[in-house]
1. Considering only protein heavy atoms and a probe of 1.4 Å, how much of the accessible area of region 87-165 is carbon and sulfur, as a whole percent?
2. List the lysines whose alpha-carbon lies under 25 Å from that of LYS280, not counting same-chain residues fewer than 8 positions away?
3. Within region 53-122, list the chymotrypsin sites (Phe, Trp or Tyr not before Pro) lying in a DSSP loop whose Cβ has at most 14 other Cβ atoms in a 10 Å radius.
4. With equal scatterers on the alpha carbons only and no solvent term, can you work out the Debye log10 of I(q)/I(0) for region 379-420 at 0.21, 0.25, 0.27, 0.32 1/Å?
5. Sorted by packing (mean other beta-carbon atoms within 10 Å per residue), highest first, where do 76-82, 441-447 land?
6. Restricted to Cα positions, what overall size does region 352-456 have along the principal axes? Three whole-Å values, descending.
7. Considering the options ILE178, PRO139, ALA160, tell which one lies farthest towards the positive end of the dipole of region 138-241, charges being +1 on Lys and Arg and -1 on Asp and Glu at the Cβ, about the Cα centre.
8. For a quick check of your reading of the filter: which GluC sites (Glu not before Pro) in region 314-347 sit in a DSSP loop and have no more than 13 other Cβ atoms within 10 Å?
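The values are calculated or read from the model by the stated rules, or taken from the named source; none is laboratory data. Note that this is a predicted model, so its numbers are computed, not measured. Note: ideal-geometry Cβ built from the backbone for every residue, glycine included; neighbour counts use all protein chains shown. Surface accessibility is based on the protein's heavy atoms, side chains included, excluding ligands, DNA and RNA. Shrake-Rupley method; radii C 1.70, N 1.55, O 1.52, S 1.80 Å.
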Amino acid sequence: MLNKLTIKQAHQGLIDKKFSSLELTEDCLSEIKKRNKKINAFISIDSDLALEKAKEADKKIGQGVEIGVLEGIPLAIKDNILIEGIKTTAGSKILENYIAPYDATVIKKLKNAGAIFLGKTNMDEFAMGSSTENSYFGPTKNPRDLERVPGGSSGGSAAAVAANFCLGALGSDTGGSIRQPASFCGIVGFKPTYGCVSRYGLMAMASSLDQIGPLTKNVEDAEILFHEIKGRDGKDSTSIELNSKLEIKNKFKVQGIKIGIPKEYFIKGMDKEVEETLKKAIKKFENLGAKIEKVSLPHTDYALACYYIIMPSEVSSNLARYDGIKYGYSAKEKIKDLLDVYLRSREKGFGDEARRRIMLGTYSLSSGYYEAYYLQAQKIRALIKKDFVQVFNKVDCLIAPTSPTIAFKIGEKIDDPLKMYLSDIFTISANLAGLPAISLPCGLVNNLPAGLQIIGNQFEDEKVLAIADIYERSE
Ligand code: GLN
């Protein structure tokens, strides 16, 4: 049952010598053994390595070495983040047998902190999707209801945390892939400000939008993981040092802060009951002393269209490297020449959604269409950013739903890409503008979790976490 603990609780237990890291890790592994076949949260599991690392942590503790908060803590990692020597597939057939040659920066940091990796989690192929149904390794099921999706694309990580297979996990968020699955699985998911966490060693989907972040059981744990992985990295030129002001948290009060409610986020098509849970959350903030203000982000309507031009354009360029030669799968049948190697490997190696986006992106970047699509979308992106800049002159943060619905049924949207894309309507703006945003549980609808999203100004990650923490603790 130790697997049910939060990171903070487990750390306390380890230093008080109530249990060992080995026992903690064994409890996680036995839960995985019991239920992962049904849930399919992991693509690969490395029990031996995990147990070995747990023993190392115990040895340190036994010797009286002062340990950090992640020492001996079992985590799960999305399968698009490289761990040296470990299979890393990005949920794709094209990388089915690919072994990562180096550690991503976030992994290096977590290794230095003594964290334990139980395995790699399932995901939509190359992080393209909102349900984890686009994985070559089969869909992940929502631990709360096995007939439903866990959300996506970090569905495996969210399900692993919600099922208590691990104490916390890392995911990546390009348009909502940390927050939306967190909301569907009833856990916390945090997407930091773009650049605060190094992307070195994260398989790129759309480089100007991608960001790694934590999925955890509570806000405090999200903070713990975030503080460990953040920071400027010479290997990622877009990374930046966030001046972390932990004192903010201790002194921070919700009383008197201004919270904006963007009217464009409360739209038709949103589940009525989800809206009700949101209204209750807003009321709670009011009771905590926050001032609630209606605000407007006038270009919100264009965000989805803008994202679905910019993201596939970057996808088409980033996925060009999978050519059947440099990495992974290479087609062997009916090969006459080099071009055949490229074409057949990509045809057989990529799934439908990856191929759809490569085609869309290639089209919008091609000469003659570039100005009409990609350039226009970049202009809209600037306007969306400006909306936020103006709003954050007036308020401390924004509150919105994470998703218009609760977790939907497996198969319900998979044949209708447009319907699926609409799942991201509330999350993608934060990626387009590079803002920090967190999803945390705010109630149940038909016994399934709904998510509350708090969006903050650029570099105000600490403030977003502090506001979320206060909300969570006041339940
Ligand atoms: N669901 C969105 C998409 O399909 C977002 C994916 C993500 O954040 N990786 O693009």
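1. 44
2. LYS191, LYS217, LYS249, LYS253, LYS258, LYS263, LYS268, LYS272, LYS291, LYS294, LYS394, LYS463
3. TYR102
4. -0.79, -0.87, -0.93, -1.08
5. 76-82, 441-447
6. The principal-axis extents, from largest down, are 49, 43, 14 Å.
7. Projecting each Cα onto the dipole axis, the largest value belongs to PRO139.
8. Those satisfying the criteria are GLU333.
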